[in-house]
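First up is the structure itself, then whatever we jot down about it.
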Amino acid sequence: MQHMPTGEPTMRSTKLNNMDYIDTLRIFCTIAEVRSFSRAAQVLGMSTPAISRAVGELEQRLRVRLFQRSTRHISTTEVAERLFERSVKLLAKLDMLEEEARQGVSDPGGLLRLVAHTTATHSLLVPLIMSFKRAFPTLHLDLTLTERPVDLVEEGYDLGILLPFMLTTDKMVTRILKHMPVLLVASPDYLQQRDFPRQPKDLREMKLIARSLSTENPTLRFRYGDGIVTADLKFEISTNNPTLRKELVLNGFGVGALPRMLIEQELKDGRLVQLIPDYELVDGTVELRLVHSNRKFVPAKVRAFADYAVAFYENAQSQVQ
């Protein structure tokens, strides 16, 4: 075995980074297989001088001679034979890891972390998950329910099914899953204690069960014809939970603007009554959105769930209509 001089490596070899080193090992293995610099250059689509430089850099890095060169052929040294045997195995493992990584982008699999708005998804989330799992049985799901703002990237979620106020940035990919109408309602018991409202101004003496994000003097805006009518209401109780707001309205604590999907049964059986239906609430529709980070390469599991959820909600909406 013939060693290279033991002096300091050249500046070029000390700057050979790991990616360059892997590429150089591939070049070395190709030369060792075909026993020719020029033939290796053809196989790899490179020039022969580039092949020679790569081998020179590898020899400088290892401080050993890898090939014995003559005018007609080349042969591998003893150390090159050992390096070739180990390099082939190493490169095969790297290729396997690369293929697995590509499959993560092309083939759904692994763990999908999903966060969803508790109330807005309560009626469709379980059917969606059951249907999705039948279609993608190898995917594992970790579900979190909340009604607070969420930073998907910071908190490590792959996807969210959220309301607009829950988004902490506009640098996300969003798709609308469902439009949810909001109705102003009250209980018959609450209405018995005062005149039944016919128009927005009649609401001013009523108390609103407000959202936590409401201002100190909540204002409801209504669209009537071509104009906008406002009504300032008082409030003593506020909460971010629509289900709790519904219960408070049912128990006569005031009026509430609630998603229709949450109060369908109560409207049917008369426990809640819609107020001033001739006046449409401005911003009276809440968008339920599917959200994921704006990445160049979207993992297959995220793409699969996103497409499936959109189709599922569209189908559910068409059945309602």
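Among the numbered criteria (1) over 30 Å from Tyr308 (Cα atoms); (2) buried (at least 19 other Cβ atoms within 10 Å of the Cβ); (3) at pLDDT 90 or above; (4) within 39 Å of the chain's Cα centre (by Cα), which single criterion is violated by Leu244?
(2)
If you take the residues of segment 184-215 that are within 35 Å of the chain's Cα centre (by Cα) and surrounded by fewer than 19 Cβ atoms within 10 Å (Cβ to Cβ), which of them is nearest to Gln274 (Cα to Cα)?
Residues of segment 184-215 within 35 Å of the chain's Cα centre (by Cα): 184, 209-215.
Filter once more, so that each one left must be surrounded by fewer than 19 Cβ atoms within 10 Å (Cβ to Cβ): 211-215.
Values: Arg211: 18, Ser212: 22, Leu213: 23, Ser214: 21, Thr215: 23 Å.
Step by step, filter segment 184-215, then rank; the result is Arg211.
Which of the residues belonging to segment 156-173 are surrounded by fewer than 13 Cβ atoms within 10 Å (Cβ to Cβ) and assigned to a helix (DSSP H, G or I)?
Pro164
List, please: which pairs have Cβ atoms under 8 Å, are six or more places apart or on different chains, and start with a residue in segment 131-158 that is at positive phi and end with one that is among the charged types (D, E, K, R) and surrounded by 13 or more Cβ atoms within 10 Å (Cβ to Cβ)?
Listed pairs, sorted by first residue: Gly156/Arg113.
Take residues that are more than 27 Å from Leu112 (Cα to Cα) and of a type in the set (Phe, Trp, Tyr) and tell me which of the strands (runs of 3 or more DSSP E) falling wholly in segment 217-321 contain 2 or more. Before the answer, list the steps.
Values: elements: 219-224, 227-232, 234-238, 256-259, 285-293.
Of the strands (runs of 3 or more DSSP E) lying wholly inside segment 217-321, those with at least 2 residues that are more than 27 Å from Leu112 (Cα to Cα) and of a type in the set (Phe, Trp, Tyr) span 219-224.
Please list, ordered by first then second residue, the pairs with beta carbon atoms under 8 Å, 6 or more apart or interchain, first in segment 275-286 and closer than 13 Å to Val185 by Cα and assigned by TED's automatic domain parsing to the domain that holds Leu258, second crowded, with 18+ Cβ neighbours inside 10 Å and small (Gly, Ala, Ser).
Between residues of segment 275-286 that are closer than 13 Å to Val185 by Cα and assigned by TED's automatic domain parsing to the domain that holds Leu258 and residues that are crowded, with 18+ Cβ neighbours inside 10 Å and small (Gly, Ala, Ser), the close pairs are Leu275/Ala186; Leu281/Ala257; Gly284/Ala257.
Name every residue in segment 57-84 that is surrounded by 15 or more Cβ atoms within 10 Å (Cβ to Cβ) and assigned to a helix (DSSP H, G or I), in order of residue number.
Keep residues of segment 57-84 that are surrounded by 15 or more Cβ atoms within 10 Å (Cβ to Cβ), which gives 57-62, 64-67, 74, 76-77, 79-80, 83-84.
Correct list: Glu57, Leu58, Glu59, Gln60, Arg61, Leu62, Val79, Ala80, Leu83, Phe84.
Among the residues of segment 206-213, are any closer than 17 Å to Asp189 by Cα and not in a strand (DSSP E or B)?
Taking segment 206-213 first, the residues closer than 17 Å to Asp189 by Cα are 206-209.
Adding the requirement that they be not in a strand (DSSP E or B) leaves 206.
Yes: segment 206-213 contains one or more residues that are closer than 17 Å to Asp189 by Cα and not in a strand (DSSP E or B).
The values are calculated or read from the model by the stated rules, or taken from the named source; none is laboratory data. In this text, all values refer to a predicted model and were calculated from it rather than measured experimentally. Heads up, the Cβs are rebuilt from the backbone with ideal geometry, glycines too, and the neighbour counts pull from every protein chain shown.
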